[in-house]
Structures are given as C-alpha cells and as structure tokens.
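The values are calculated or read from the model by the stated rules, or taken from the named source; none is laboratory data. Given the structure is predicted, the values throughout are model-derived calculations rather than measurements. Here Cβ is always computed from backbone atoms with ideal geometry, including for glycine, and neighbour counts include all displayed protein chains. For the accessible areas, the whole protein counts, side chains as well, though only heavy atoms, and no ligand, DNA or RNA atoms are used. Shrake-Rupley method; radii C 1.70, N 1.55, O 1.52, S 1.80 Å.
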Amino acid sequence: ESNKRNRVRDILSDVLINNMFPFGKLSSGELEIKYGIHLHQIQRGMHMNMRHTPQSGRIGWVANVVLAWGSSTGWDITLDGKIACCRVNYDDYINFEIQILSGEQIQEYKNQFAQPEIELVNKLATIKTMLDRNLITLKEFEDKKREILAIV
C-alpha cells in the first residue's frame, strides 16, 4: 500500500503541481483513465475552515507553498499520498481524498468517457482529408497528428 501511495504521489506531483492541472478537467475522466486515480471531494470552503491545507503544520506536503495567487488554480498533495488540496479561486479551497482505482473501475471510466475518443478519430480523419486534398503539407499533417495522438 505504501509503495502504491508513493507512486500516486509522484504521478500527481507531476500532473497537478508541476503541470498545474486545470480544475475544470477534473470531471473529464483523464486522471481516472490515464493514471488510475480518482480525486473524491471531501471538503470545500475558505482556507481557515479547511481541515487540510498546505503549511498547516499538521501534515507534510509535497510543495508546501501557498497555492497560487489571485484567480489561478494551485495544487498540493500530502506526503503520504492520501489528500490533495486545490485552491480554485481566491479563498476557495477544496480537499480531495486520493483514491487508487482497480482495473475494473478504470474500465468503467473508459466506458463512461468513450465519446472523446470518437472526437479524436474524427479530428484525425479531418486532417487526413485535408492532406489528401493538398490543403496542408505532409509536415503539418504529421505535426497535427502527433499533437492529437499525444492526448490519447
């Protein structure tokens, strides 16, 4: 269990903290499908009412800094990989329990969010058609294809 939590902490440190995962993408299924991780909201409110916030002194945090400024989204994760804290807007904080999904649960998310895959296929078909009609160069096609496939 400890090794799993450490792996999850490392993944989320990169995805949430380093790459500043947008709060609006939480309901996209990306974390669940790509990483097998679900963030279950357990509390939302002003920082002084939150049970878990970075620099609170009760728990160790990965970044241990103020979560962004102004209207920017900021993230931090407890060192034990169990809680994620997000600052969405000014004094709007959200605590999440970090849940590790089973293979069956991941498949359920894949089934639930299958629609975006169809959209990606349509995008690929569109750029292929554009190439076939000489509307874009082969290099532009390859660049765009790489960009689209990177999402998958």
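Within the range 121-152, track down each residue that is in contact (Cβ under 8 Å) with a residue 12 or more places away in the chain, open to solvent by less than 70 Å² (accessible area, probe 1.4 Å) and of a type outside the set (D, E, K, R). Within the range 121-152, LEU124, ILE127, PHE141, ILE148 meet the criteria.
Within the range 12-26, residues that are more than 14 Å from VAL62 (Cβ to Cβ) sit with their Cβ atoms under 9 Å from residues that are open to solvent by 60 Å² or more (accessible area, probe 1.4 Å), at 6+ positions apart or across chains, in these pairs: PHE23/ASN89; LEU26/GLN41. Taking the listed residues ARG9, ARG51, the one that is of a type in the set (Lys, Arg) and open to solvent by 80 Å² or more (accessible area, probe 1.4 Å) is ARG51, with no other qualifying.
If you check GLY60, GLY29, GLY36 for being over 22 Å from ASP80 (Cβ atoms) and either of a type outside the set (Lys, Arg) or open to solvent by 40 Å² or more (accessible area, probe 1.4 Å) (or both), only one passes: GLY29. Where strands (runs of 3 or more DSSP E) sit wholly within the range 72-152, those with at least 3 residues that are out of contact with any Phe, Trp or Tyr (no Cβ under 9 Å at 6 or more places or on another chain) occupy 92-100.
The residue of the range 1-49 that is nearest to the chain's Cα centre (by Cα), among those that are among the charged types (D, E, K, R) and outside any helix (DSSP H, G or I), is ARG44.
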